[in-house]
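Below: one structure, written as structure tokens.
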Amino acid sequence: MRKRRLVIGNWKMYLKAPRAAKEFARALRRHSAAFAGVDVALMPPFPLIPVVAEALRGSKLEVGAQTLSAYEDGAHTGEVSAEMLKALGASAVIVGHSERRAEGETNDDVREKLQRAARAGLKAVLCIGEKERDASGDYVGFLTEQLSSALAGFPKASAGKLLIAYEPLWAIGKTAADAMKPAELRETSILIRKVVADALGREALARVAVLYGGSVEPENAPALIAGGDVSGFLVGHSSADVEPFLSIVKACRL
Ligand code: PGA
């Protein structure tokens, strides 16, 4: 397992005003001396990337985007390419978030986007997760297919920039009480690593980080990081305010 921990704030459309984004980034920066062993990144909506990048410039904190285009350029109204994101100061991007998949993004789109991010040298946070779990264990096949489909043809040399965020849909946007329990997460993390090893090889696996997302809050972060066998979290609603986000980062300190 990678030694450093990672906490990524997925702002979704919670933070909208440039001023609020700037204040948040500055506050985070002021506290960053206390982030021992934890890499922290913020993923604002596209228009806020430059403001956050500017506020974090010269620090170790990173800024990323919530999605990217599968295309490089051309007639693609509304799309934003990997190179454009880099030019705005982004060093990372979320790929295949369930809220994008719900808007029609397919496994094939996710694979294309993941490779596009890798080719551009962006860190890619690949999201996977099942809609539901029942006793029949169908989620195992679902996750295996979702992950192996996304990783087909992924360049092994980019494994160090690949992060897999396991986000079960049934746990997203709820409360700590509805989130996954550490023991279940540990089992799923083992499954994810096996699929990554099958797809990219054991050597690459050692460089891939596995994160958890889905109602991570200050209340459940300590138990999930202690017992979940993950390197950190992709945080949604608890990243919309500085205080809860900071508590989660601190819970991940080494
Ligand atoms: P949540 O969202 O923390 O609000 O559940 C996580 C995510 O969707 O990335």
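The values are calculated or read from the model by the stated rules, or taken from the named source; none is laboratory data. Quantities reported herein were computed from a predicted structural model and do not represent experimental measurements. All Cβ positions, glycine included, derive from the backbone under ideal geometry; neighbour counts span all protein chains shown. The protein model used for the area step is the full one, side chains on, heavy atoms only, and it has no ligands, DNA or RNA in it. Shrake-Rupley method; radii C 1.70, N 1.55, O 1.52, S 1.80 Å.
Report the extension gain between Lys174 and Asp241 in nm, rounded to one decimal, defined as 0.36 nm multiplied by the number of residues separating them, less their alpha carbon distance.
Gain on extension, Lys174 to Asp241, equals 22.5 nm.
Kindly point out which whole DSSP H helices in the chain project their C-alpha atoms 24 angstrom or further along the helix axis while averaging a Kyte-Doolittle hydropathy of -1.0 or above.
Counting only whole DSSP H runs, the qualifying helices are 182-200.
Mean separation of Cα pairs under 8 Å and 6+ residues apart, divided by the residue count of the chain: what relative contact order is that in percent?
Answer for the chain is 23 percent.
How high is the FRET efficiency between Lys181 and Arg119 when r is their beta carbon distance and R₀ equals 41 Å, given to the nearest 0.05?
0.65
Which is farthest toward the positive dipole end of the chain among Leu6, Gly213, Leu61, measuring Cα position about the Cα centre, with Cβ charges +1 (Lys, Arg) and -1 (Asp, Glu)?
Of the candidates, Leu61 comes out farthest on the positive side.
Using r as the Cβ-Cβ distance of Ala34 and Tyr14, and R0 as 25 Å, what FRET efficiency do you calculate, to the nearest 0.05?
0.60
Quick one: grab the alpha carbon gyration tensor of region 97-222, order the square roots of its eigenvalues as a ≥ b ≥ c, and give me rounded if a/c is under 1.5, else prolate or oblate depending on whether a/b is larger than b/c.
It comes out prolate by the Cα gyration axes.
List the residues whose amide H sits under 5 Å from the amide H of Leu42, counting only those 5 or more places along or on another chain, with H placed 1.01 Å from N in the peptide plane.
Gly9, Glu62, Val63, Gly64
Give me the distance in nm between label points sitting 7 Å out from Cα along the Cα-to-Cβ direction at Lys86 and Thr106, one decimal.
It works out to 2.8 nm between the two label points.
Which whole-number value in Å² is the accessible area per residue of the chain, probe 1.4 Å?
45
Between Ala157 and Leu254, what length in nm is gained on full extension when 0.36 nm per residue of separation is reduced by their alpha carbon distance?
32.2 nm
Separation between the Lys3 and Phe46 pseudo-spin-labels, each 7 Å from Cα along Cα→Cβ, expressed in nm?
Rounded to a tenth, the inter-label distance reads 4.0 nm.
Using a 1.4 angstrom probe on heavy atoms only, work out the carbon and sulfur share of the accessible area of the chain in %.
Heavy-atom surface of the chain belonging to carbon and sulfur, 1.4 Å probe: 53 percent.
If each DSSP helix of 4+ residues adds -39,500 (n - 2.57) and the sum is divided by the residues in the chain, what number results at 222 nm, nearest 500 deg cm²/dmol?
Here the helix-only value at 222 nm equals -11500 deg cm²/dmol.
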